[in-house]
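Structure record follows, encoded as structure tokens.
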Amino acid sequence: MKIVAVGSIALILATMAYADGSEAESPPSKKSVAAAEQGPPADPSANPSDAPSTAATAAPSGMPPLDRVKATPKGGLKNPYTDANADIVAQGQKLYMKTGCNGCHGGGGGGGMCPPLSNDTWVYGGDDDTLFRLVSEGTDALQKDGYMRKGHENVVGPMPQHGMIIKSDDDLWKIITFIRSNYRGGPSKKFGDQPTAPATQ
């Protein structure tokens, strides 16, 4: 009698588990077993030489900014965020203040003892790649990398390296997004002077 009762209870519990969707999983398919044996997909940032030399390499990954600069060919850094995203702009503003950008450039990027970040004069260029490298490396390293001064401001101070102060590439992209949100210059200059197409014959 006890065996029948125990068997009945087990059958009831199994039925209840099936009814609420918590039944045992079906055996894995051959395809999922093969994928598991291959391991996780390769991380292109783990071996920069294997990474494609496109803007896709700039996707935020939590990598320190200086490492991201070293791992990405010139011209390959592209901000994944736009200043139309209010949440990202708000996060960028907090990071901008937290990392001390306001001390030199003012709370809204309007300038102070260093150039404004809100007008259409970009001292080294206003594209994403140049701004990311400038903030990460500072002006001395940027110039050693071959970047030249393009614009001039009344107040110009050297940009110190912030690549060790800002914790990740994602944080730096958010700061740059906040800076873009405060831009007050001409629309065509928001991202600096665009390269001109080569003349055709």
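The values are calculated or read from the model by the stated rules, or taken from the named source; none is laboratory data. Everything numeric here is computed off the predicted structure, so don't read it as measured data. Cβ: placed from backbone, ideal geometry, glycine included. Neighbour counts: every protein chain shown. In case anyone asks, the SASA skips ligands and DNA or RNA and just uses the protein heavy atoms, side chains included. Shrake-Rupley method; radii C 1.70, N 1.55, O 1.52, S 1.80 Å.
Given the residues Y96, Y81, Y124, which is the only one that is within 14 Å of G192 (Cα to Cα) and not polar (S, T, N, Q)? Explain how you work it out, then say what you get.
Values: Y96 fails: within 14 Å of G192 (Cα to Cα); Y81 fails: within 14 Å of G192 (Cα to Cα).
On inspection, the qualifying residue turns out to be Y124.
Quick check on the range 84-91. Is at least one of its residues surrounded by fewer than 20 Cβ atoms within 10 Å (Cβ to Cβ), assigned to a loop (DSSP other than H, G, I, E, B) and touching a residue at least 60 places away in the same chain (Cβ under 8 Å)? The answer is yes; a qualifying residue exists.
In a helix (DSSP H, G or I), among the basic types (K, R) and either modelled with pLDDT of 85 or more or under 19 Å from the mean Cα position of the chain (by Cα) (or both): which single residue out of K94, K167 fits that description?
Residue meeting the stated conditions: K94.
Against the definition (within 18 Å of A84 (Cβ to Cβ), surrounded by 14 or more Cβ atoms within 10 Å (Cβ to Cβ), aromatic (F, W, Y) and in contact (Cβ under 8 Å) with a residue 12 or more places away in the chain), how does W173 come out, yes or no? Here the answer is yes, as W173 does meet what is asked.
The number of residues in the range 143-164 being closer than 17 Å to G112 by Cβ, under 23 Å from the mean Cα position of the chain (by Cα) and open to solvent by 60 Å² or more (accessible area, probe 1.4 Å) comes to 1. Annotation: D128 fulfils all but one of (1) free of Cβ contacts under 8 Å to residues at least 12 places away in the same chain; (2) open to solvent by less than 20 Å² (accessible area, probe 1.4 Å); the unmet one is (1).
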